[in-house]
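Contents: one structure, followed by commentary.
The values are calculated or read from the model by the stated rules, or taken from the named source; none is laboratory data. None of the values given here were measured: they were computed from a predicted structure. Please note: Cβ atoms are built from the backbone with ideal geometry, for glycine as well, and neighbour counts cover all protein chains shown. These area figures cover heavy atoms from the full protein model, side chains too; ligands, DNA and RNA do not enter into them. Shrake-Rupley method; radii C 1.70, N 1.55, O 1.52, S 1.80 Å.
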Amino acid sequence: MPPEEFRVVEVSEENIGDLCLLCVPPERLDDPVFMMGVELKKTWVKDVLNRWGAVARIAYLGETPVGFIQYVPVTDEKIVHITCIFVPRKEHWRKGIGRRLLTSLVEDMRRPKEWFGGEPPLALVTKPFPGEKPEQYPARNFFKDMGFKQVESNPSLLYFPLKHGFTYIPPEQRESNYIPQEDDKGKVVILYNPSFCPFSYFFLKKSVQEIEKAMPGISVRWINGWEEPVEIERRGISDGIVVNAKLIRSFLLAGREVFLKEVLDALREA
Ligand SMILES: CC(C)(COP(=O)(O)OP(=O)(O)OC[C@H]1O[C@@H](n2cnc3c(N)ncnc32)[C@H](O)[C@@H]1OP(=O)(O)O)[C@@H](O)C(=O)NCCC(=O)NCCS
């Protein structure tokens, strides 16, 4: 496909819906749980747009959105963090869409930005999504093909220097520290917030379903961060799964058995 057949457009108030629906698998369009994830993503996108004036670029083939790249500036590090790149449908792969999305972002980010006191960012940084479907090309391979380098101290991070000779060294990992609460004991507490990815809420819901299957009748409390900010604040973390006042570290997708064992162990602890 010659590149002129698709165009890359910045996301604004008018096409937020395109951005948020593009990653919904067709079979999930009627799934209220997944669509709740889409609503959470819309809230996140509006918030980033209001704050920074930019959030993502979409590739259109005619009027059809076919791929996107989304990002946020991190002002204290003077970098731009790419939160996701995605060309969902097989018929659009390997036609240069991902490359065009990335190069258009790189070109833009070589220009001075108000976010960084009128200077361009030092680098683009990303933590590529590791859960691509079997036939999809992994985002990590794509970024490496496009010249991204691996961060030495944290191999899950990749970066693309925009300033000659720049090496990205991430700030020390700040462990999210859950502050145990008396009223979280003996139950499951789910903390959630607007998110850049609609899959986040979906996987939280799946995790709760697995917990309920293993422990029928267990009490579950959902805490929505922007409706109950005080509840989130006193727990010290913005999202996650807490069981019997303990934060669950394992992720359902990485292994159901390991996840459920951690949940059961947390419940057994006095
Ligand atoms: C990675 C991705 C964005 C690439 O999109 P794309 O439009 O197909 O990529 P392009 O056609 O621009 O390819 C750019 C380069 O990437 C590499 N590449 C892309 N697909 C490839 C494949 N299937 N095999 C080998 N290399 C591949 C090549 O180096 C290619 O350059 P070339 O065609 O000149 O050799 C797309 O495959 C994707 O969305 N994958 C899933 C990513 C993901 O999990 N995102 C999070 C979702 S929640």
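Listing for the model above:
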| item | result |
| --- | --- |
| The chain: most fluctuating residue of 54, 214, 139 per GNM, C-alpha cutoff 10 Å | 214 |
| Share of carbon and sulfur in the accessible heavy-atom surface of the range 182-268 [1.4 Å probe, %] | 56 |
| The range 133-159-the range 111-132 distance, computed between alpha-carbon centres (Å) | 15 |
| Using θ = phi - 60° and Karplus 6.51 cos²θ - 1.76 cosθ + 1.60, couplings along the range 142-159 (whole Hz; Gly, Pro as x) | 4, 5, 5, 4, 8, x, 6, 9, 7, 6, 4, 7, 8, x, 6, 9, 10, 9 |
| Cα-centred dipole magnitude for the chain, charges only on beta-carbon of K, R (+1) and D, E (-1), debye, nearest 20 | 700 |
| Within the accessible area of the range 50-181 (1.4 Å probe), percent carbon and sulfur | 50 |
| Heavy-atom accessible area per residue - the range 1-108, 1.4 Å, Å² | 48 |
| Distant-in-sequence amide H partners of residue 81 (H built 1.01 Å from N, under 5 Å) | 72, 74, 125 |
| Nearest 10 degrees, 0 to 90: helix 199-214 Cα axis against the chain principal axis | 20 |
| DSSP-defined beta bridges in the chain - what % are antiparallel, rounded to 5 | 80 |
| Neighbourhood charge, 14 Å Cβ-Cβ cut-off, centred on residue 181 and excluding it, Lys, Arg +1 and Asp, Glu -1 | 0 |
| Stretch gain in nm, segment residue 75-residue 152, where the contour uses 0.36 nm per residue and the Cα spacing is subtracted | 25.5 nm |
| Cα centroid separation - the range 219-265 against the range 40-57, whole Å | 25 |
| Nearest 10 degrees, 0 to 90: helix 32-52 Cα axis against the chain principal axis | 50 |
| Folded to 0 to 90 degrees: helix 256-268 orientation relative to the chain principal axis, Cα | 40 |
| Per residue accessible area of the range 138-236, 1.4 Å probe, in Å² | 57 |
| Entries in 127/213; 127/205; 42/127; 205/261 that, when Cα-Cα distance is taken, lie over 29 Å | 127/213 |
